[in-house]
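Notes to accompany the following structure.
The values are calculated or read from the model by the stated rules, or taken from the named source; none is laboratory data. Worth saying up front: this structure is predicted, and the values here are computed from it rather than measured. FYI the Cβ positions are ideal-geometry reconstructions off the backbone, even for glycines, and counts take in every protein chain you see. Surface accessibility is based on the protein's heavy atoms, side chains included, excluding ligands, DNA and RNA. Shrake-Rupley method; radii C 1.70, N 1.55, O 1.52, S 1.80 Å.
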Amino acid sequence: MMKKLTHPIILSLFLILLLPVTVNASPLQFGGNSEPTLNEQLGIWTDGVNNLAPTISNLFSAIFTLMFLFGAVRLGYSIVTKTGQVMKGSTGLLIWVPITFFSIRVLMLLLFTTDKKDVTLLASDLINLITATSYSTVDWMISIGLVFYLFFHLIKHPEFGRWSKRMWGIAGVLTLLTILAPIVLGAV
């Protein structure tokens, strides 16, 4: 039965596609003058979303607060019952909820306050921040490497000598990356 219907359906679809169709283009209109235009309707919808923004922000904050409190209660439960899997999950929740919350807040702030002109300034400022942070990290790594080297000479423990060499090596690689990355990204 299905084979009998397949051929006529395919034939009719093929004929429909071959028949010429006339199309008239006209601008989009919403009735007469009493209806708002498309731009006015988009403005109304945008105002509605903007009016809901504080409510959504408060709801968003409440949800993340509840998630954090749930993680704290679960952590207390896992400490009392000495359940490792629950402790692992609650610790992860307590770490990632604030990080996610603040990341989303910063992203929304940047999204709604950045213009076309400010995007390039924001990118160069971000590259400058990463560069300054890298140089500061290199300074600390060299200082910690020197302290490890001092401990190595004081107590003659070979681990401190290896740690100092690792810190200096990583500091050198980080310095090289910090110098080359802005050039490669075109920020210089």
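For the residue pair MET108 and LEU19, what label-to-label distance in nm results when each label sits 7 Å from Cα along the Cα-to-beta-carbon direction?
Taking the simple label geometry, MET108 and LEU19 are separated by 5.3 nm.
Any idea of the accessible area per residue across the chain, 1.4 Å probe, to the nearest Å²? Each step should come with its number before you reach the end.
Numbers: 15510 Å² over 188 residues.
It amounts to 83 Å² per residue over the chain.
Taking 41 Å as R0, compute the FRET efficiency from the Cβ-Cβ separation of ALA123 and LEU150 and round it to 0.05.
That gives a FRET efficiency of 0.50.
Work through the residues other than ALA132 whose Cβ is under 14 Å from its Cβ and net out their charges, Lys, Arg +1 and Asp, Glu -1.
Taking every other residue near ALA132 into account, the sum is -2.
About the Cα centre of the chain, how large is the charge dipole given +1 on each Lys and Arg Cβ and -1 on each Asp and Glu Cβ? Please answer in debye to the nearest 20.
Details: 12 positive and 8 negative charges, 233 e Å.
Roughly 1120 debye, rounded to the nearest 20.
Using a 1.4 Å probe on the protein heavy atoms only, what accessible surface does VAL119 show? Give it in Å² to the nearest 10.
80
Rounded to the nearest percent, how much of the accessible area of region 46-188 (1.4 Å probe, protein heavy atoms only) is carbon and sulfur?
76
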